1. Can you pull out the trypsin sites (Lys or Arg not before Pro) in segment 19-67 whose DSSP state is coil and whose Cβ has at most 13 other Cβ atoms within 10 Å?
2. Nearest 500 deg cm²/dmol is fine: what mean residue ellipticity at 222 nm does the chain get from its DSSP H runs of n ≥ 4 alone, each adding -39,500 (n - 2.57), divided by its residue count?
3. Between R74 and L27, what is the label-point separation in nm under the 7 Å Cα-to-beta-carbon projection?
4. For an R0 of 22 angstrom, estimate the FRET efficiency from the Cβ-Cβ distance between Y65 and S37 and round to the nearest 0.05.
5. Under the Karplus relation 6.51 cos²θ - 1.76 cosθ + 1.60, θ = phi - 60°, what is the ordered set of whole-Hz ³J(HN,Hα) values for segment 54-62, x standing for Gly and Pro?
6. Once amide H atoms are placed 1.01 Å from N in the peptide plane, what residues at a sequence separation of 5 or more from G44, or on another chain, have their amide H within under 5 Å of its amide H?
Amino acid sequence: MEIDAWQLQVLIREAAKEAVAEFARHLEPSKDEITYSQACKEFGEGWLDHQVAIGAAKWFRKGVYKNSPKIFSRKELKALKEGPSKVLRNCF
């Protein structure tokens, strides 16, 4: 498979965007956190409940108590819903 310079530039740009997003997420992980109700509004309650039921979407409790809010990773939910970017998906 051969690619030209323009395609290589697009691939590098997409990979750089992913790397910057991952770096920002590691610097301040609380920006990536989303509660169950926010995730339902953003991704749809039925879809989210299905992903939790099949074990694809992972969550954790924000506090130590049983009624503490469920927290999801926005990046992981977005990756489940949309998959990899089209440019990176077409590359491989």
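Values quoted throughout were computed directly from the atomic coordinates according to the rules given, and no laboratory measurement underlies them. Treat the numbers as computed from the prediction; the structure is a model and nothing was measured. Glycine also receives a Cβ, built like all others from the backbone with ideal geometry; neighbour counts cover every protein chain displayed.
1. Loop-located and lightly packed - K58, K62, K66.
2. Value at 222 nm, helices only, nearest 500: -18500 deg cm²/dmol.
3. Rounded to a tenth, the inter-label distance reads 1.5 nm.
4. 0.80
5. 3J(HN,Hα) across segment 54-62, in whole Hz: 8, x, 7, 9, 9, 9, 9, 7, 6.
6. none
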